[in-house]
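The values are calculated or read from the model by the stated rules, or taken from the named source; none is laboratory data. Computed from a predicted model, the values in this text were never measured in an experiment. FYI the Cβ positions are ideal-geometry reconstructions off the backbone, even for glycines, and counts take in every protein chain you see.
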Amino acid sequence: MSVHILAIESSCDETSAAVLTDGKVLSNIIANQTVHEQYGGVVPELASRAHQENIVPVVDMALKKAGVDRSELSAIAFTQSPGLIGSLLVGSCFAKAMALALNIPLIAVHHMQAHVLANFIADPKPSFPFLCLTVSGGHTQIVRCDSPLSMQVIGETLDDAAGEAFDKSAKLLGLPYPGGPLIDKYAKEGNAARFKFPEPQIPGLNFSFSGLKTAILYFLQEHQQKDPGFVQANLADICASVQERIVSILLHKLVKASRETGIQQIAIAGGVSANSGLRNALQQYGEKHGWQTYIPKFEYCTDNAAMIVMTAWYKYLAGDFAGLEAGVSARAGF
Ligand code: KG4
Ligand code: ZN
């Protein structure tokens, strides 16, 4: 008999549902919340309300697209942590209610572990052990993966995440939220060698991005004082130079991690792995250092339930189920 799993992702501002049958993802529906744009960032209360409105139609669409009836489901998965508490509660309560009504098991999934396992949705898949650079709006980690459910964070940011570095830089440039994809877009037309931003010297495999934000702020203040039209006239070159620095900070630590662990299977994951500069750089570094590199498809980089259902599949196989009393948590720890 086939195993069908439904998963729900609601950790931040995307409401998503996905269905998997026997290890294969059959649907992945994502409803983006545009309500936050006008506020320059995600407003938690509005995110929870939008999840409540979206969750029923999104789940219905995911089941319909997969051709699976809810009576056939073998288990229901939800994102347990980390994320916005109100947002996580909408997804977890919905999943619990459905699991209770259908009398099937629940599976609780860690959002960052799921970002890593997005690399297993489609071929080619990394083999174990591999390193994954997980870069999102809230996290920047180098994760050592020894099996689908055995992961260890060996480096992480001490302050801002890489996605925040993109978004905050974009804000300083007057671009709307989330600015990361816009920096990526303008960078394509720009000269990355035009401006040099500093690379922080952080020991070990950890990262820091707060100094870069300050450096950009001073750089812009200085130039704008002399020429108020500076940003407007040089937007593409500034974006390309900022992106180049964020990407080089990430890649330099990845080189160090690969040297220290001797692992040459290298993957990336998380929203920032949608960045074309990072994707290209990973390939170039891979060729130079003899790595085998893995990058999830574009739609599996930013938040999605396909990665949650993929993780749920491995947990299902391991018999790792959650009780109805399972809580949610804003914090990261694996
Ligand atoms: O993983 P994700 O969708 O949500 C979190 O779990 O945080 O990541 C969102 C982050 C945002 O900071 C967004 O600006 C960034 O990923 N992002 C990008 C790109 N696409 C998304 N940053 C740079 N270039 C992109 N193309
Ligand atoms: Zn995420």
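Quick notes
- Annotation for region 157-170: no member residue is in contact with a helix residue (DSSP H, G or I) (Cβ under 8 Å, 6 or more places away or on another chain), within 16 Å of ligand 2 (Cβ to nearest atom) and within 30 Å of residue 21 (Cβ to Cβ).
- Restricting 257, 269 to residues that are within 11 Å of ligand 1 (Cβ to nearest atom), assigned by TED's automatic domain parsing to the domain that holds residue 205 and under 13 Å from residue 132 (Cβ atoms) narrows the list to 269.
- Test: residue 285 is of a type in the set (Ser, Thr, Tyr) and over 29 Å from residue 165 (Cβ atoms): no
- For the residues 274, 267, 257, the requirement of being crowded, with 23+ Cβ neighbours inside 10 Å and more than 17 Å from residue 171 (Cα to Cα) singles out 267.
- Hits in region 99-127 (condition: more than 16 Å from ligand 2 (Cβ to nearest atom), farther than 14 Å from residue 326 by Cβ and aliphatic (A, V, I, L, M)): 101, 102, 104, 122
- Boolean, residue 29 is in contact with a Phe, Trp or Tyr (Cβ under 9 Å, 6 or more places away or on another chain), in contact (Cβ under 8 Å) with a residue 12 or more places away in the chain and away from ligand 1 (no atom under 15 Å from the Cβ): no
- Pair list, Cβ under 7 Å, 6 or more apart: region 127-138 residue modelled with pLDDT of 95 or more, other residue assigned to a loop (DSSP other than H, G, I, E, B) and within 16 Å of ligand 2 (Cβ to nearest atom): 134/270; 135/270
- Residue 101 being in a helix (DSSP H, G or I) and either surrounded by 15 or more Cβ atoms within 10 Å (Cβ to Cβ) or touching a His at 6+ places or on another chain (Cβ under 7 Å) (or both): no
- Assessment of region 156-166 against the conditions (in contact (Cβ under 8 Å) with a residue 24 or more places away in the chain, in contact with a Pro (Cβ under 7 Å, 6 or more places away or on another chain), outside any loop (DSSP other than H, G, I, E, B) and more than 9 Å from ligand 1 (Cβ to nearest atom)) yields no matching residue.
- Residues in region 292-334 that are more than 18 Å from residue 282 (Cα to Cα), aromatic (Phe, Trp, Tyr) and in contact with a strand residue (DSSP E or B) (Cβ under 7 Å, 6 or more places away or on another chain): 313, 316, 321, 334.
- In the set (1) within 18 Å of the chain's Cα centre (by Cα); (2) part of a helix (DSSP H, G or I); (3) modelled with pLDDT of 95 or more, the condition left unmet by residue 78 is number (2).
- Region 18-53: number of residues that are in a helix (DSSP H, G or I) and within 22 Å of residue 137 (Cα to Cα): 14
- Residue in region 145-153 that is at pLDDT 95 or above, of a type in the set (Asp, Glu) and buried (at least 18 other Cβ atoms within 10 Å of the Cβ) present: no
- The number of residues in region 261-271 being in contact (Cβ under 8 Å) with a residue 60 or more places away in the chain and either in contact with a Lys or Arg (Cβ under 8 Å, 6 or more places away or on another chain) or more than 16 Å from ligand 2 (Cβ to nearest atom) (or both) comes to 5.
- Just one of the listed residues (207, 219, 197, 230) is in contact with a His (Cβ under 9 Å, 6 or more places away or on another chain), in the same structural domain as residue 144 (by TED's automatic domain parsing) and farther than 14 Å from residue 275 by Cα, namely 230.
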